[in-house]
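Visitor: The structure that follows is given in the form of structure tokens.
The values are calculated or read from the model by the stated rules, or taken from the named source; none is laboratory data. In this text, all values refer to a predicted model and were calculated from it rather than measured experimentally. Ideal geometry is used to build each Cβ from the backbone, glycine not excepted, and the neighbour counts take in all protein chains shown. Accessible surface is based on the protein model in full, side chains and every heavy atom, while ligands, DNA and RNA are left aside. Shrake-Rupley method; radii C 1.70, N 1.55, O 1.52, S 1.80 Å.
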Amino acid sequence: MARVALEIPKVGLVMEQARLVRWLKNVGDTVTQGEPILELETEKSLVEIESTETGRLVEQLLAVDAEVHIGDQAAWLETDAASSAGVRAGSLPAASPSAARGAESGAGNASAPGGAAKSGGATASTAPSASAGNAAPTSAPRSASVGGAAPASAPRSASVGGAAPASAPRSASVGGAAPAIAPRAAPNEAAASTSARSIPPPSGTGSANARGATNAPPTRIMCSPVARRLAAQNGLDLRTVKGTGPRGRIQLADVRHAIEAKAPASGPQPLSSMRRAVARSMTISATTIPQFIVSQSVDWTAVQAKRTELNAHLQHGAPKITVNDFLLQAIARALLTYPALNSTFRGNPDSPDAAIVPAQGAHIGLVVAVENGLLVPILHDVQQLGLADLARRRADTVDRALKSRLKQAELEGGTFSLSNLGARGPDRFTAIVNPPQSAILAVGRQRDCVVAINGGIHVRPMSELSLTVDHRVADGRLASEFLRYLVEILEGNEWRA
Amino acid sequence: MTQTFIEILRRALDEELARDKAVHLLGEDVAAGGAFGVTRGLAQKHGETRVRNTPISEAAITGMATGAALCGLRPVLEIMFIDFATLSLDCLVNQSAKYRYMSGGQLSVPMVVRTQAGAAGGAAAQHSQSLEAWFIHVPGLIVVAPSSPLEAYGLLKSAIRMEDPVLFIEHKRLYTMRQEMPATVELPPIGRARVARAGDDLTLIAYSAMVPTALEAAEELARSGVSVEVLDLRTLLPLDMETIAASVSKTHRVLIAHEAVQNGGVGAEIAARIGSELFDELDAPVTRVGCPFVPIPFAPELEHALLPGRENIVRAARELLGTQG
């Protein structure tokens, strides 16, 4: 019987601690490798932690709201290799509270194969490779071949076959567990039973659980529409609200109470994890990164025309293409043209291993203001996306940022950020670099300006762009060339729809 | 001095007959006062040409009135029971409601079909129905259902002055209701609901005789601290969604009460429109109170047991608010 400890993995580059928000699996649930088992709140987002093993959750070692650290043991998982025998015991509840008991009764019940079953169990628990049973589909060939190769473990694979409903006719005789038949059947049927086993998980009870668990839709929060709207307007996570309505429905009063409870108190306030992360990152930026700024105006006439044209032909329901999408595409192109800016600075300037690390592809952060802070989700490989796809990706990413549902990978790997305070923003502003990135573009409010073009007076929609650059990575000349090229793209007509 | 619904309604007809020579009354026994005595004395005062008895044929009365209206008169006909409006449906639905549309606006049918509806005093299954929902399904008609003598006074006068056919539903149970006639009554516009009682926790939508019942229920709920806003729809077609929206946006909970069965009722239409137009305002499912889906029984005890009353509304409101007991 294999019992595996699951540990808290490192999430992100800078995670030091996190809070356990909730368990996604309960004791007794079957967990498949890769399936989320718990949810952590790190400094920047909510992260689902996936199980690295397949098996049954037998013990949760961390409490909700507990502060957790990398490497903390989170749970005990009873892996599946030998437990099919345990489940077959029938008398044992599926939610076996103790792996030891499961093993015992499993072995004890397999009276016909006798010691063979026990040794089968022993094989599984002692040899980690036989915890092939961890992953239901892949375990099949291995346990079958084990069965074929070692006569001692043959009954085990037989019993496995017997428990698989899909192979019923054949395994009936095998699973009948007459020892005389089992060894003969096992080698011959290895391949066949592999395919049979690849359909259902290894045990009856287990399979029901596994299917229930994998296919169960995420718990829907019962909430009245007006309460949902109020919660959204106030950035209130409905999962934190207790519903007092019929069947636990969250109602308006519940959300109002939760908002009241959340109202800021007077006096010094401890930092939220979000504010702490912003404070830490910006302090690093301001104290360790020498930065300079170059500015230039951009004329939006061409972008506006293109945007109107493209939005008129969007598929129904597709998100509208915004100026940000044009900016992202233009930045991607400029970054690939000026790879010197598409990189990050690593290490202390004095240290021998200090280096400038170029990026592959254009990974651009988009600064998103969220409740009480900001997030910079990274849109990866922007150079591969047309404007419509970019709009879709950007809209989805921003939406999830607002809901704190970003994946950790979406907060990493960028070299450049875009900060656009929108139509209600200031005429011009400057930003500071978001480490470890090396540049950030601040986009001022678009407004009609009188400009001289070819000696004539024109009114054009203009914005002021301010590019802040990590001086360790690039110098003023490169930055100004980059910015000029970026403006050229924005004022031109070469767009990838 | 207070007057009954019947007396105040008679006064409205009397004044309209005096005000406009085009106004005529038609119906079974109307010259003799009609089955409920609403038109008593009007034939003597305005003449039997203008207050005219008809044969017992709802189809004929409606057809005659429609023709008269097309020719420039403003007939007010009386269909003794809405149960018998079935016999006038062809004319009402296929003719009266269609002329304005089919003539491209050249013709109009300014007539009022007064009819009596609802259960009162053991009139049994064929004389007690609330069939208003049938009529709100017909474009071209206007359906009005007053909730009190004074409401009826104003709404009837407004209806008579409309250019389109109006079904004017008088609840038999309201006929004995008394109110004092003020010196002047402002005529309510057709198509506007009224807030019969202001409140914050729940919007209770009612019409016709269910309005006084709803007000009683609101009073009882107020004693346990629940603030109910009662809307009197007054006009069922067209629905005043503006007033409904304003109220629902305030209370976020809706209870609709009518005497008609729920199935395909006016409440179903209101609930559907709230569901689609005001979804984000809702804090609880829109709930309805209506008659059980059976014919109205003859036995007064059974009739009483069947009709939705104050207790039904209070119970539904408490369930909706999650404050049982």
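Visitor: Please report the relative contact order for the range A:347-497, taking Cα pairs under 8 Å with a sequence separation of at least 6, and give it as a percent rounded to a whole number. Mind dumping the intermediate values first?
Guide: Working: 236 pairs, mean separation 27.0, N = 151.
Computed value for the range A:347-497: 18 percent relative contact order.
Visitor: Computing the accessible area with a 1.4 Å probe over protein heavy atoms, can you report the carbon and sulfur percentage for the range B:251-325?
Guide: On the way: 1990 of 3530 Å².
The nonpolar share, carbon plus sulfur, comes to 56 percent.
Visitor: Among B:Met181, B:Met64, what's the order by accessible area (1.4 angstrom probe), most exposed first?
Guide: Numbers: B:Met181 30, B:Met64 85 Å².
Ranking B:Met181, B:Met64 by accessible area, largest first, yields B:Met64, B:Met181.
Visitor: Additional query: What ³J(HN,Hα) values, in whole Hz, does the Karplus curve 6.51 cos²θ - 1.76 cosθ + 1.60 give for the range A:322-331 when θ = phi - 60°, with x put for Gly and Pro?
Guide: Residue by residue, the range A:322-331 yields 10, 4, 4, 5, 4, 4, 4, 5, 5, 4 Hz.
Visitor: Considering Cα pairs under 8 angstrom that are at least six residues apart, work out the relative contact order of the range B:2-180 and quote it in whole percent. Write down the numbers at each step before the final one.
Guide: On the way: 367 pairs, mean separation 46.8, N = 179.
The normalised contact order for the range B:2-180 reaches 26 percent.
Visitor: If you don't mind, there's one more thing I want to ask. Where Lys and Arg each count +1 and Asp and Glu each count -1, what net charge lies around A:Val357 among other residues with Cβ under 15 Å from its Cβ? Walk me through the intermediate numbers first.
Guide: On the way: positive: A:Arg346, A:Arg472; negative: A:Asp353, A:Glu412, A:Asp470.
Cβ neighbours under 15 Å give a net charge of -1.
Visitor: For B:Lys172, B:Lys45, A:Lys262, give the ranking by accessible area with the largest first, probe 1.4 Å.
Guide: Most to least solvent-accessible, the answer reads B:Lys45, A:Lys262, B:Lys172.
Visitor: Moving on. Kindly give the semi-axes, whole Å and largest first, of the ellipsoid equivalent to the range B:266-325, taking each as the square root of 5 times a Cα gyration tensor eigenvalue. Each step should come with its number before you reach the end.
Guide: Details: eigenvalues 148, 53, 6 Å².
Here the semi-axes work out to 27, 16, 6 Å.
Visitor: Can you list the residues, at least 5 places off or on another chain, whose amide H is less than 5 Å from the amide H of B:His24, using H built in the peptide plane?
Guide: B:Arg74, B:Val76
Visitor: I've got another one for you. Rounded to the nearest 10 Å², what accessible area does B:Ser148 show when all protein chains are kept and the probe is 1.4 Å?
Guide: 10
Visitor: Let me ask something else. Can you give the local net charge around B:Val112? Use residues other than it whose beta-carbon is closer than 12 angstrom to its beta-carbon, Lys and Arg +1, Asp and Glu -1.
Guide: Details: positive: B:Arg74, B:Arg114, B:Lys157, B:Arg161; negative: B:Glu16, B:Glu78, B:Glu163, B:Asp164, B:Glu170.
Local charge sum for B:Val112: -1.
Visitor: Out of all DSSP beta bridges with both ends in chain B, state the antiparallel percent to the nearest 5.
Guide: Working: 8 of 41 bridges.
Percent antiparallel among DSSP bridges in chain B is about 20.
Visitor: In degrees from 0 to 90, rounded to the nearest 10, what is the angle of the helix B:210-223 Cα long axis to the longest principal axis of chain B?
Guide: The angle comes out near 20 degrees.
Visitor: For the range B:194-322, what D do you get in µm² per second when you plug the Kirkwood radius from alpha-carbon pairs into Stokes-Einstein at 25 °C and 0.890 mPa s?
Guide: On the way: Rh = 14.5 Å.
Answer from the Stokes-Einstein relation: 169 µm²/s.
Visitor: Shifting gears a bit: Above 13 Å lies some portion of the pair distances; for the range A:225-272, what is it as a whole percent of all C-alpha pairs? Don't skip to the answer; put the middle values down first.
Guide: Details: 626 of 1128 pairs.
The proportion of pairs with Cα distances above 13 Å equals 55 percent.
Visitor: Tell me the relative contact order for chain B as a rounded percent, counting alpha carbon contacts under 8 Å between residues six or more apart. Walk me through the numbers on the way to the answer.
Guide: Details: 710 pairs, mean separation 50.6, N = 325.
Relative contact order here is 16 percent.
Visitor: How far is helix B:266-277 tilted off the main Cα axis of chain B, in degrees rounded to 10, range 0 to 90?
Guide: 60
Visitor: Taking springs between alpha-carbon atoms closer than 10 angstrom, which of B:Leu236, B:Leu73, B:Leu204 fluctuates most in the Gaussian network model of chain B?
Guide: B:Leu73
Visitor: Still on this model: Determine the per residue accessible area of the range A:403-497 with all protein chains present and a 1.4 angstrom probe, expressed in square angstrom. Each step should come with its number before you reach the end.
Guide: Numbers: 4650 Å² over 95 residues.
Here the residues of the range A:403-497 average 49 Å² of exposed surface.
Visitor: Of the residues B:Phe293, B:Phe84, B:Phe135, which exhibits the maximal mean-square fluctuation in a Gaussian network model of chain B defined by a 10 Å Cα contact cut-off?
Guide: B:Phe293
Visitor: Once a ≥ b ≥ c are taken as the square roots of the eigenvalues of the Cα gyration tensor of the range A:280-384, is the result rounded (a/c under 1.5), prolate (a/b larger than b/c) or oblate (a/b not larger than b/c)? Don't skip to the end; give the middle numbers.
Guide: Details: a/c = 2.22, a/b = 1.87, b/c = 1.19.
Prolate, since a/c reaches 1.5 and a/b exceeds b/c.
Visitor: Could you pull out every residue, at least 5 positions away or on a different chain, whose amide H is within less than 5 Å of the one on B:Leu141? Hs are placed 1.01 Å off N in the peptide plane, and Pro or chain starts have none.
Guide: none
Visitor: Would you please give the residues with an amide H less than 5 Å from that of B:Gln262, counting only those at least 5 places away or on a separate chain, with H modeled from the backbone geometry?
Guide: Amide H to amide H, under 5 Å and 5 or more residues apart or across chains, B:Gln262 pairs with B:Cys291.
Visitor: Could you compute the net charge surrounding A:Ala302? Neighbours are other residues with a C-beta less than 12 Å from the C-beta of A:Ala302; K and R count +1, D and E count -1. Intermediate results must be reported in sequence, preceding the final value.
Guide: Details: positive: A:Lys306, A:Arg307, A:Arg460; negative: A:Asp299, A:Glu309, A:Glu488, A:Glu491, A:Glu494.
Surrounding charge for A:Ala302 is -2.
Visitor: Hey, another quick one. Using a 1.4 Å probe on protein heavy atoms only, how many Å² of accessible area do A and B hide from each other, summed over both chains and rounded to 100? Present the calculation step by step, with values, prior to reporting the outcome.
Guide: Details: alone 24110 and 13460 Å², together 36810 Å².
Summed over both sides, the interface buries about 800 Å².
Visitor: Still on this structure, I have one more. Cross-link list A:Lys306/A:Lys407; B:Lys45/B:Lys98; A:Lys10/A:Lys403: which exceed 30 angstrom alpha carbon to alpha carbon? Could the numbers behind the result be given before it?
Guide: Working: A:Lys306/A:Lys407 32 Å; B:Lys45/B:Lys98 34 Å; A:Lys10/A:Lys403 22 Å.
In this structure, A:Lys306/A:Lys407; B:Lys45/B:Lys98 lie more than 30 Å apart at Cα.
Visitor: Among the lysines, select those whose C-alpha is under 20 Å from the C-alpha of B:Lys172, and discard any that sit fewer than 8 residues away in the same chain.
Guide: By straight Cα distance, B:Lys172 reaches B:Lys157.
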